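In what follows, a single structure is set out as structure tokens and then discussed.
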Amino acid sequence: MNASDFAAWIRRAAELVTADAERLTALDAAIGDGDHGLNLARGFGAAVTALDGLPAGTTPGKVLIGAGRAIVSKTGGASGPLYGTALRRAGKTLGDAAEPDAAALGTALRAALDGVRELGGAGEGDKTMVDALAAAVTAYETAVDGGAGLPAAARAAATGAAEGAEATVPMVARKGRASYLGPRSAGHLDPGAASTVLLLRALADVTGGEG
Amino acid sequence: MANVGLVVVSHSRRLAEGVCELAREMGVHKVRVEAAGGDVDGGLGTSIELVENAVRAADDGAGVVLLADLGSSVLTARTFVEDADTSVLLADAPLVEGAVAAASAAAAGADLAAVVAAAEDAYDQRKT
């Protein structure tokens, strides 16, 4: 994937988040404060604007760092620092590479997960975006270890994210506003996990169906 | 002599300003206490840009301590601290009690670490 591919990923993620903004907000209204879709659409919209300001010949790392910075600035809710940190950590991990391969992207995705965990303090099973992201990263790494190319690994990550998100439904929340609901948070899909699925689906979309 | 400054990060502009009002009083108006409350439009939310502006205004040269209410305020404050190039720390403290304790310590000339410690000790002041 080169810098244009990474920019396409962010643009595709913005499209998917915007298209699903109402659904994300409805999920958030059930157990959170009901602003997730709106916030994230604004944040990713700002990320797309930031991409337009990057110079020609930029690197994949700078694309992710620039997008992450815009998301931190403009999102407005907890998802801003979390997704912003994920993208910036991934971008820093890619370094100056002009065209990271499947393994390098896997390392960056793992760094994104670590960043989200450190910032939010959530682990797997807490009913957060970590459940979807951790499942996605594990599925991606397993695919690459099994010889998959980047497109197939990205598809595996998208599937893993969806499974990880689905697994949040019966969970009792231990982080964020939903944790105040205790057992009443069970039975709802976590909105952060749902939006994480969209980001991984966007990656699978832009890397195409081959390999 | 420069005093450590404080920034109150809250989802609500009015809550942040109210906490600042109290903390300024406790800092006997020797301490810079700045609010970073709500989103940029004045609604409920958090904005790292407001935090950045408030930190700049609060910095008298001795560093700045952030106090945050909850959720995205805390995550935004942590993100800011991670990126900050000045001496900025987030106190793990209850908002009101922490701000009052920090302002009192800062007014007495405590350094950055001591102001953070004063804010964090506020957890020990039980109410029942």
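Consider region A:90-123. How many of its residues are exposed (fewer than 15 other Cβ atoms within 10 Å of the Cβ), outside any helix (DSSP H, G or I) and among the small types (G, A, S)?
Total meeting the criteria: 3.
Quick grid of which residues meet (1) more than 10 Å from chain B (Cβ to nearest Cβ); (2) over 20 Å from A:E15 (Cβ atoms); (3) among the aromatic types (F, W, Y):
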| site | (1), (2), (3) |
| --- | --- |
| A:F44 | yes, no, yes |
| A:A56 | yes, yes, no |
| A:K62 | yes, yes, no |
| A:K74 | no, no, no |
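Being away from every other protein chain (no Cβ under 13 Å), touching a strand residue (DSSP E or B) at 6+ places or on another chain (Cβ under 6 Å) and without any contact (Cβ under 8 Å) to a residue 60 or more places away in the chain: is that true of B:R56 here?
Working: away from every other protein chain (no Cβ under 13 Å): yes; touching a strand residue (DSSP E or B) at 6+ places or on another chain (Cβ under 6 Å): no; without any contact (Cβ under 8 Å) to a residue 60 or more places away in the chain: yes.
So B:R56 fails the test.
Condition check: of a type in the set (D, E), farther than 14 Å from A:L199 by Cβ and free of Cβ contacts under 8 Å to residues at least 40 places away in the same chain. Does A:D96 satisfy that?
Numbers: of a type in the set (D, E): yes; farther than 14 Å from A:L199 by Cβ: yes; free of Cβ contacts under 8 Å to residues at least 40 places away in the same chain: yes.
Yes: the conditions hold for A:D96.
Which members of region B:60-77 meet the condition of being over 20 Å from A:D35 (Cβ atoms) and free of Cβ contacts under 8 Å to residues at least 40 places away in the same chain?
So in region B:60-77, the residues over 20 Å from A:D35 (Cβ atoms) come out as B:60-67.
Within region B:60-77, none qualify.
For residues in region B:102-113 being outside any loop (DSSP other than H, G, I, E, B) and more than 16 Å from B:A35 (Cα to Cα), which is farthest from the other protein chains (Cβ to nearest Cβ)? Before the answer, list the steps.
As a first pass, look at region B:102-113 and keep what is outside any loop (DSSP other than H, G, I, E, B): B:102-107, B:112-113.
Narrowing further to those that are more than 16 Å from B:A35 (Cα to Cα): B:104-107, B:112-113.
Values: B:S104: 29, B:A105: 27, B:A106: 26, B:A107: 31, B:L112: 22, B:A113: 22 Å.
Taking the candidates together, the pick is B:A107.
Looking at B:A114 and the list (1) in contact with a Leu (Cβ under 9 Å, 6 or more places away or on another chain); (2) at pLDDT 95 or above, which single condition is not satisfied?
Tallying (1) in contact with a Leu (Cβ under 9 Å, 6 or more places away or on another chain); (2) at pLDDT 95 or above, B:A114 fails exactly one: (1).
Is it the case, given these coordinates, that A:A136 is crowded, with 24+ Cβ neighbours inside 10 Å, at pLDDT 95 or above and farther than 26 Å from A:G182 by Cβ? Before the answer, list the steps.
On the way: crowded, with 24+ Cβ neighbours inside 10 Å: yes; at pLDDT 95 or above: yes; farther than 26 Å from A:G182 by Cβ: yes.
So A:A136 fits the description; yes.
Anything in region A:95-121 that is away from chain B (no Cβ under 14 Å) and over 16 Å from the mean Cα position of the chain (by Cα)? List them, or say none.
A:G95, A:D96, A:A97, A:A98, A:E99, A:P100, A:D101, A:A102, A:A103, A:A104
Could you check, for region B:64-77, whether at least one of its residues is more than 22 Å from A:G76 (Cα to Cα), over 14 Å from the mean Cα position of the chain (by Cα) and more than 14 Å from chain A (Cβ to nearest Cβ)? I'd like the intermediate steps shown before the answer.
We begin by selecting, within region B:64-77, every residue more than 22 Å from A:G76 (Cα to Cα); these are B:64.
So of that shortlist, the ones also over 14 Å from the mean Cα position of the chain (by Cα) come out as none.
Checked against the condition, which is being more than 22 Å from A:G76 (Cα to Cα), over 14 Å from the mean Cα position of the chain (by Cα) and more than 14 Å from chain A (Cβ to nearest Cβ), region B:64-77 yields no hits at all.
Of everything in region A:175-208, what is more than 14 Å from chain B (Cβ to nearest Cβ) and outside any helix (DSSP H, G or I)? Give them in sequence order.
A:A186, A:G187, A:H188, A:L189, A:D190, A:G208
The values are calculated or read from the model by the stated rules, or taken from the named source; none is laboratory data. If you're wondering where the values come from, they're calculated on a predicted model, not measured in any experiment. All Cβ positions, glycine included, derive from the backbone under ideal geometry; neighbour counts span all protein chains shown.
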